[in-house]
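Note sheet for the following structure.
Please treat every number below as a calculation from the coordinates, not as lab data. Quick caveat, the model's predicted, so the values are computed rather than measured. Note that each Cβ is placed from the backbone with ideal geometry, even for glycine, and that neighbours are counted across all protein chains shown.
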Amino acid sequence: MKNIFFHFFVLLLFGQLSAQNAQNVDFKIHKVNYKLSYEILGMKGEPDIGMAGIGADLFIFERVPNLYLTLNSYSAVTGERPGLISFGAGLGYVQSLFNSPLAIDAGIFVGGGGGAGAPDGGGLITREHINLSYHLKNFSLFGGYSRLDFPTGDMGGNNFNFGVSLSSVFETAYPISGNDSDLITDAELKKSRFRFTLLGSRYLHFFNGPFTSSSITGLQNKNIQLVGIGIDKFIDDKFYVALKLNGAVTGGIDGYMSYLIGLGFEQPLWTRKLTFDMQALGGPSGGGGIASGGGATLQGTLGLRAHLGNQYELKAALGQTWAPEGSFNGTFLELGLSRNFNFISPERDLDKPYGLKPDEKLHGFGFGILNRTYFSPAGTDKSGNKYDELFNLIGFKVSKKLNKHFTALGSTYWAYQGSYGAYAEGWLGMQYNYPFAATWDAHVQFMGGAAGGGGIDLGSGLAFHYGLGLSKTIGNNWLLSLDAGKMQGIRGNFKPYYLDFGIGYRFFQVEKKH
């Protein structure tokens, strides 16, 4: 069954469907800050937990340029609760001080998460902050006050937080109509390369661990396999910033996940169709009884990439995962299928629309924030307790428009209300859209992926869901969506109906085909 899911994911992410065909576009520039921070989560009766914040601030509100949307994760890297991981979103506002490099940054964050047996309640996490930042060319240093809490649990307190922020921009292109005589076709363009990879990995050997002493007897004899995604942003022709997210699908460790960032290096070998690839990553991991100490995890890989043409690649690599504070130390084999995108944008602001050339095409993307309500089935969880009649999760969805009717999807959901604070999901899938009015679409979607944690019985963690929905476009960029359907694991007894409500943001990127 897992092989069926793997091939299904390949078709969803990399299917050869055409991008939107638009000849004229107008570029707009938005600022984005990538952030890495550290602070303490207060605990009672045990050592406090060091929490790493990894995320981005997106300045997408044109009428209020200092207001930003933040997408972030706060996860354990020290302490006694590896696998305490959360995701969420919020709003913030930045104000420069006296035309100087100093600025005040204040904001609020709401998310879901938990794990590692921590007293996380229903999983709701809140954070407020007010920081002072100092800007240095392309990055900023910041520090200040924050309040990090699990309000329905028994963790939290007042903190000092500090970190670094890397400044960048992303240019969006909007399709427009216009006369060819009013277009610019010879603008100076810059290129930014992104690579998206579907990953599968299997652990071959463990030097230590990998399980805690309290793990269920017999787990050591089972195969541990993970599925995930990788996103690479190239700095130049050889170096790139890498983000990798993985979740367990076999081995009896449902609920285990890793969230790693770092640097990669790629070097062509005898031919440009074969390259050497190396990565050094670090970040939080845990859950599923894996002995990752406080949660801080390091990972390195060495491998090869075969370039298949038309921007596709196959990856094969050997890697090592090591938890410095735990006994998790193992070697794994990683396989991947990648798709490269060479996005282009002008070097300067254009005073006229830009006319796409024959070797350039427009891609539509989107991301959304959702609330999912599960209406639980009859039955009991792994602890023998009846499932809550309903509980809520916060979700994040990214989308890639393939043509008028088909969209590829990726999403993750994290419990924030109910009895399952450690429960989380990761999905990949496809949506069929049917426009039936100027601003309305009906759609059908099917998604598969990994889920677990919180004592919910999903067997190995493999699951899928399907449903129907409506979406309403508001202006050029925003939309509202409503979906309903059913989710179920390949094994286990958790097969609930769900209701999703969300808000999304859509944007376009221009890709050079060759």
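When the GluC sites (Glu not before Pro) in region 323-380 are filtered for DSSP coil states and for at most 10 other beta-carbon atoms within 10 Å of their beta-carbon, the remaining sites are Glu347. Among the listed pairs Lys315/Lys357; Lys137/Lys273; Lys35/Lys190; Lys244/Lys472; Lys357/Lys404; Lys352/Lys472, which have their C-alpha atoms separated by more than 27 angstrom in this model? Long pairs (Cα-Cα over 27 Å): Lys315/Lys357; Lys137/Lys273; Lys244/Lys472; Lys352/Lys472. This model, with +1 at the C-beta of Lys and Arg and -1 at the C-beta of Asp and Glu, gives region 360-512 a dipole about its Cα centre of some 340 debye.
Pairs of C-alpha atoms in region 191-343 farther apart than 23 Å represent 35 percent of all such pairs. Using the Cα centre of the chain as origin and beta-carbon charges of +1 (Lys, Arg) and -1 (Asp, Glu), tell me which of Ala118, Phe98, Ala424 is placed farthest towards the positive end of the dipole. In the chain, that residue is Ala424. Dividing the mean sequence gap of close Cα pairs (under 8 Å, 6+ apart) by how many residues region 191-343 holds gives a relative contact order of 27 percent. Couplings 3J(HN,Hα) of region 159-175, computed from phi: 9, 9, 10, 8, x, 10, 10, 9, 8, 8, 9, 10, 9, 10, 10, 10, x Hz, in residue order, whole Hz [Karplus 6.51 cos²θ - 1.76 cosθ + 1.60, θ = phi - 60°; x for Gly and Pro].
Across the chain, C-alpha contacts under 8 Å between residues 6 or more apart give a mean separation that, scaled by the residue count, equals a relative contact order of 15 percent.
About its Cα centre, the dipole of the chain is roughly 1040 debye, where the only charges are +1 on Lys and Arg Cβ and -1 on Asp and Glu Cβ.
Restricting region 22-95 to trypsin sites (Lys or Arg not before Pro) that sit in a DSSP loop and have at most 10 other Cβ atoms within 10 Å of their own Cβ leaves Lys44, Arg63.
Residues whose amide H falls under 5 Å from that of Phe406, counting only those 5 or more places apart or on a different chain, are Asn433, with hydrogens built in the peptide plane. For region 362-417, the list of trypsin sites (Lys or Arg not before Pro) that fall in a loop by DSSP and count at most 14 other C-beta atoms within 10 angstrom reads Lys382, Lys404. Exposure proxy ranking for Phe464, Phe508, Phe436, based on other Cβ atoms within 10 angstrom of each Cβ and starting from the fewest, stands as Phe436, Phe464, Phe508. How far, in degrees from 0 to 90, does helix 2-14 lean away from the longest principal axis of the Cα atoms of the chain, to the nearest 10? On a 0 to 90 degree scale, this one is about 20. Here the residues Val398, Val249, Val25, ranked from fewest to most Cβ neighbours within 10 Å of their Cβ, fall in the order Val398, Val25, Val249. Backbone N atoms of region 156-179 closer than 20 Å to the 7 Å Cα→Cβ label point of Glu128 belong to residues 156-162.
Extension gain, Leu304 to Leu482, is 59.8 nm, computed as 0.36 nm per intervening residue step minus the present C-alpha separation. Taking 0.36 nm per residue of separation and subtracting the current Cα-Cα distance, fully stretching the chain between Asp359 and Leu470 would add 36.5 nm. Considering only Phe464, Phe162, Pro210, and ranking their Cα positions along the charge dipole of the chain that arises from unit charges at the beta-carbon of Lys, Arg, Asp and Glu, the one farthest toward the positive end is Phe464. From zero up to wherever the largest Cα-Cα distance of region 35-136 sits, split into 10 Å bins and tell me the percent of pairs in each. Each 10 Å bin holds this share of Cα pairs: 15, 42, 28, 13, 2. With the convex hull constructed from alpha-carbon coordinates only, region 322-411 shows a mean projected area of 13.7 nm² over all directions.
If you take the alpha carbon atoms of the chain and fit the smallest convex hull around them, that volume is 147 Å³ per residue.
The value for region 360-512 of Rg(Cα) / (2.2 N^0.38 Å) is 1.10. For region 26-140, averaging the sequence separation of C-alpha pairs within contact (under 8 Å, six or more residues apart) and dividing by the residue count gives a relative contact order of 17 percent. Show that you can apply the helix-only estimate: for the chain, add -39,500 (n - 2.57) for every DSSP H stretch of four or more residues, divide by all residues, and state [θ] at 222 nm to the nearest 500. So the calculated ellipticity at 222 nm is -1000 deg cm²/dmol.
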